[in-house]
2 protein chains.
Amino acid sequence: MVGKTFLRTAVPRIRMLFLFPDVNAMLLLRRCPSLTRLGRVGTQRYQAAPSFASRAARLCSSSSSREDQRSYQHASSGASWKHIVAGLLTGTGAVLTYGLHHQEAEQADAGVPAAEKSSRLPVFSNDEVTKHRSLEDGVWVTYKGGVYDVTEFVAMHPGGNKILLAAGGALEPFWALYAVHDQEHVLEILSQYKVGELSVEDRKKQEDAKVSDPFSSDPERHPVLRVNCKKPFNAEPPPEILTESYITPHVFFFKRNHLPVPQVDPASYRLKVEGLPGGALTLSLEDLKTRFPKHTITATMQCAGNRRSDMNKVKQVKGLNWGISAIGNAKWSGARLRDVLLALGYGPEAAQWARHVHFEGLDKDETGTAYGTSIPINKAVSEEGDVLLAYEMNGEDIPPDHGFPVRVVVPGVVGARNVKWLGRILVSAEESGSHWQQHDYKGFSPGTDWNKVDPKSAPAIQELPVQSAITAPADGAVIDRGDDTLTVKGYAWSGGGREVVRVDVSLDGGRTWQVARLRSGDDGQPDEPSPPPGRAWAWKLWELTAPLPPEAEELEIVCKAVDSSYNVQPDTVPPIWNLRGLLSNAWHRVKVRVAEE
Amino acid sequence: MVGKTFLRTAVPRIRMLFLFPDVNAMLLLRRCPSLTRLGRVGTQRYQAAPSFASRAARLCSSSSSREDQRSYQHASSGASWKHIVAGLLTGTGAVLTYGLHHQEAEQADAGVPAAEKSSRLPVFSNDEVTKHRSLEDGVWVTYKGGVYDVTEFVAMHPGGNKILLAAGGALEPFWALYAVHDQEHVLEILSQYKVGELSVEDRKKQEDAKVSDPFSSDPERHPVLRVNCKKPFNAEPPPEILTESYITPHVFFFKRNHLPVPQVDPASYRLKVEGLPGGALTLSLEDLKTRFPKHTITATMQCAGNRRSDMNKVKQVKGLNWGISAIGNAKWSGARLRDVLLALGYGPEAAQWARHVHFEGLDKDETGTAYGTSIPINKAVSEEGDVLLAYEMNGEDIPPDHGFPVRVVVPGVVGARNVKWLGRILVSAEESGSHWQQHDYKGFSPGTDWNKVDPKSAPAIQELPVQSAITAPADGAVIDRGDDTLTVKGYAWSGGGREVVRVDVSLDGGRTWQVARLRSGDDGQPDEPSPPPGRAWAWKLWELTAPLPPEAEELEIVCKAVDSSYNVQPDTVPPIWNLRGLLSNAWHRVKVRVAEE
């Protein structure tokens, strides 16, 4: 095969290093195990079954079992953190590399016309393709009906072995995300690896699946997401992707739907606003965009169930088995709720009796009950509350999974109050009576069980407590004993606009601590400006590079964050365990093994 | 002696129970060990030396040593919590009891004229009196020059053996606090116990001590306070007194002075306000009281060093060795800082550049440097910030130790920003450059030592994290195995206006948890109304009565609080240890022994 020929081609490494230091430093590191922190690329670091491949096979299945969680963690371990660094390369570097590959491929494959090759190739079923998801089994991908064996290209991929995330399935959703692939030579490189055609039946299968299903009009989702529940759709990205960028692309942003995604026509969309002296009013999308100033905030949103899987390890709880990635950070733009309420009549008179603002979504169950919840009035109308009726996420229309055309963004407050597909706002003296306000999204004592729980005894979760987690290395990763240093990465955030002021990292299970470097922007880019006190809505990404402790055979890496109120995370999970597995914010711990190369 | 006669007098217990159930239930409990929770009154529960007596001898000495702390804890243990219950009796009950004693005493002592007795009595030095501070050594007190041996009255005292707090010293400061003693029969009862006169020299000693000392004009303090440092004065009340009342009387409110208490003439007092468009202005006390609405809040204030002694047990830190009582809850009244700033010209223009509000006290060191600090402008000017320029504490003029005539009250924020003896306010673009803002009152990682600490790396402490502590039983207390139940009491509070929503209590070191009952008022009284979200400035007192675990010989009682942001306290001290011993808010733990009566 052409790939093999390419692999054997001598490459003038010195010249490449000179021309493209970033890309080629990485390539060189791949060839020099002793220079890498976690060992060689291509070394199989996946644990025993369930493997990365078995996980990928479940990417689109509905599951919230613990089995799924374990498999997920191993997969994370497989997509080793170091290679993600490569994913941060600039588009320029990657294009240049592709250009180089293209030139070399042309030389190696000059005598074989692509059309001729294609006509000789067999037809594969999708089942056959999905069997090739690892370096051992071969790495197959599909693209526009073609089947490609890119096993030998993995080591060349400028994005590192992140390419494995697409193994056994379609390339399209990945390429759609990384515009660098939108180059003619990329297609040419791919063509060298073609091994067959996908069967016509399988190409049509996806469309056929959408029959008489309330979820059939749900949007497409990216296959890299870990699906905790398919209907309604609940999914989170792999941790190593989560902290790759300060702003989370919407495709990777966790999805937490309670009901099918409603189809909303932006032209006929009307937001009802009730409970103000002027009576019931409606606003069109155009009204929201033109009658009120557009306000943009960077805000992290976290599901109350983020890290629930840590609680499940202590004792089974009820709820979707979220890993550590039910959190994301985005730029949200829209009208301030404060501006809207004031324009529609909120004033001293309403302030006398108003205590809460209710939000109802357009997502409704079979009985017609909409998802609904409420927030305290002071958060809604405060100049410093920054609550938005957002119509943009990361500079584009809010995507369907995130609430198109309008969602509420209540920064610093649990995801559950950030109502999507917003249909109705009600100013009220009372808290929302909805299930999600009165019976769910509340925290209880570890001693409280389902027999004695009294929902009235706990307040609805609004602001969330301080949180942090380690996204790299992954639990179970193997560190090369020859490495001088170890780099640990993660995120940290706190609710209520409290800025994260410090993250402590321990390599010895919490006995000694080092202070991580915090950033509020992409690596190497300037930080976003510091927010005013109490309005730090966005997370911090953090990183610690520390000497690899000598002699250690296993490291228990631990992180804990401190916010501007000097609140800290609790040491352990059992004392904060609660029957719904909410508010899981104990120190995050991962264990890694240190081994000789 | 008369007292013995009195003790032997038969009391019609049944009738007393009928007439005065509260008082007499207590008296009966004292006689019926199996009905009490912690055993008999009068049983010596003090630990080995340093005893309660040795502690009392140091009441007015300057000390922040660990030795002092240990002695303090034993003392707390001595003044057993159960007896404090008696201190909660209503005035009526106590008066009735005194009335009864009076009647009985009259009968027993009928034949001995008081004048005649007095003339026969010896003169004692203060040194001699201070030797009698326990039931073993005898309990002596002084009152207006008389010396009284009240050993045998201890068991009769309606306030329980809290009377021991005055042992070896003067009764006056205690009686001044408990108006119930201001009764003629109380003096008559006391007279029965007179054993001598205090020497004239000792009566004058206290006045003579005030000579050429910058602290000589410091106010009188209550002897029950535990003194961590005498000059400047830093002291806290015994824990068992702290949670006796929802509002902390000013005499028991912890004192944390950085410098001598300044003498301020309220008539000539002027508060300077600078940094606003109108230029420098001054306000008299009268201006503050008449030009602005009087606003009252109930707010808890806590020293950043509260519970520092827990950190000292892990590893020595620098700072006064505070126990768990460097916290108090008071009603503060004054002008809102917001109103004052707005009236003096703060507006949209100033909001463009103003970021901080500085406060300077009138307390100055030898170089003329005043105590100073700052808070963020948004806290200062927010309608919901509730920052006061307070001139009243608990309905009276602010006492000298707490900032007479005006102090800042910044609710939800560390005590250090609540500047006393306020002399100057400055609106500024910069944070205060004072030592206390830039170099002290900051939190660091447990891994940071004095060699590598960079004060700039940490923000000045403003809002404090969630906190709770157990005030009863005391560490080291002995519980009667015959008791059916055990009652645990304490306080809980969080900074930033975050209401405490739950306190979990464990009797087994944190393995299992029960939910305590919270209150926002005195026991048996209605709670104060719930504050709006984010404006819960006052603590909660809490209590748990639970079955005494069978078989247990020792209980490790633990408490942890949860606030409205669902922040929790960390499990252990070492991971939050820091070189200044600030922000000590790990679970509070006390160990008690369970023993047969």
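Specify whether the C-alpha gyration tensor of segment A:315-402 places it in the rounded, prolate or oblate class, a ≥ b ≥ c being the square roots of the eigenvalues: rounded for a/c under 1.5, otherwise prolate if a/b is larger than b/c and oblate if not.
prolate
Give me the one-decimal nm value for the distance between modelled label points at A:D397 and B:E201, 7 Å along each residue's Cα-to-Cβ direction.
Distance between label points: 9.6 nm.
Measure up A:K456/B:K331; A:K272/B:K379; A:K379/B:K272 against 32 Å on the Cα-Cα distance and list the ones that go over.
A:K272/B:K379; A:K379/B:K272
Could you pull out the pairs from A:K230/B:K560; B:K294/B:K489; B:K131/B:K205; B:K231/B:K289 whose alpha carbons sit more than 27 Å apart here?
A:K230/B:K560; B:K294/B:K489; B:K231/B:K289
Which value, in debye to the nearest 20, describes the size of the charge dipole of segment A:122-193 about its Cα centre when Lys and Arg Cβ atoms bear +1, Asp and Glu Cβ atoms bear -1, and nothing else is charged?
The dipole magnitude comes to about 160 debye.
Starting from the Cα of B:Q525, move 7 Å in the Cα-to-Cβ direction to define the label point; list residues of segment B:532-563 whose amide nitrogen is under 13 Å from there.
B:541, by backbone N distance to the label point.
Placing the label point 7 Å from Cα along the Cα-to-Cβ direction, what are the distances from B:E220 to the equivalent spots in the other copies, shortest first, in nm to one decimal?
8.5
Accessible area drop of at least 50 Å² (1.4 Å probe, protein heavy atoms): which residues of segment B:549-597 qualify, relative to the chain alone?
B:S565, B:Y566, B:N567, B:V568, B:D571, B:P575
Give me the percent of the accessible area of segment A:457-597 that comes from carbon and sulfur atoms, probe 1.4 Å, all protein chains in place.
49
State, in square angstrom and to the nearest 100, the accessible area buried between chains A and B, both chains counted, probe radius 1.4 Å.
Using a 1.4 Å probe on protein heavy atoms, the buried area is about 2900 Å².
Considering segment B:220-374, what Rg and Dmax in Å follow from its alpha-carbon atoms?
Considering segment B:220-374 through its Cα atoms, Rg and Dmax are 18.6, 52 Å.
Taking a label point 7 Å out from Cα toward Cβ, give me the nm distances from B:P266 to the same spot in the other copies, shortest first, one decimal.
Output for B:P266: 6.6 nm, nearest copy listed first.
Mind jotting down the distance between the C-alpha centroids of segment A:473-536 and segment B:321-335, whole Å?
Using only Cα atoms, the two centres lie 35 Å from each other.
Put a point 7 Å out from Cα along the line to Cβ at B:R511; what are the distances to that point in the other copies, in nm, shortest first?
Inter-copy label distances (nm, one decimal, shortest first): 2.6.
Simple spin-label model, 7 Å along Cα-to-Cβ: B:K144 to B:R355 in nm?
Output for this residue pair reads 6.2 nm.
Please work out the C-alpha center-to-center distance from segment A:241-303 to segment B:251-277 and express it in whole Å.
Using only Cα atoms to place each centre, the spacing works out to 50 Å.
Mind grabbing the base-10 log of I(q)/I(0) for segment B:404-454 at q = 0.28, 0.30 Å⁻¹? Debye formula, identical points on the C-alpha positions, no solvent, two decimal places.
Computed log10 I(q)/I(0) values: -1.23, -1.29.
Can you pull the accessible area of A:H588 for me, 1.4 Å probe, Å² to the nearest 10?
Counting only protein heavy atoms, the figure is 20 Å².
If you place +1 on the Cβ of every Lys and Arg, -1 on the Cβ of every Asp and Glu, and leave all else neutral, what size is the dipole of segment A:549-597 about its Cα centre, to the nearest 20 Debye?
460
How would you rank A:519-529, B:125-135, highest first, on the average number of other Cβ atoms within 10 Å across their residues?
Peptide ranking by packing, descending: B:125-135, A:519-529.
For A:S284 and A:H435, compute 0.36 nm times the residue count separating them, minus their Cα-Cα distance, and round to one decimal in nm.
Result: 51.5 nm gained on full extension.
For the cross-link pairs A:K315/A:K364; A:K144/A:K255; A:K442/B:K318, which exceed 30 Å when the distance is taken from alpha carbon to alpha carbon?
Beyond 30 Å: A:K315/A:K364; A:K442/B:K318.
In debye to the nearest 20, how big a dipole does segment A:308-402 give about its Cα centre with +1 on each Lys and Arg Cβ and -1 on each Asp and Glu Cβ?
Dipole magnitude for segment A:308-402 comes out near 580 debye.
Rounded, prolate or oblate: which fits segment A:529-587, taking a ≥ b ≥ c as square roots of the Cα gyration tensor eigenvalues, rounded meaning a/c under 1.5, else prolate when a/b beats b/c?
Here segment A:529-587 falls in the oblate category.
The values are calculated or read from the model by the stated rules, or taken from the named source; none is laboratory data. Quantities reported herein were computed from a predicted structural model and do not represent experimental measurements. Don't worry about glycine lacking a Cβ; one is built from the backbone with ideal geometry, like all the others, and counts go over all protein chains shown. These area figures cover heavy atoms from the full protein model, side chains too; ligands, DNA and RNA do not enter into them. Shrake-Rupley method; radii C 1.70, N 1.55, O 1.52, S 1.80 Å.
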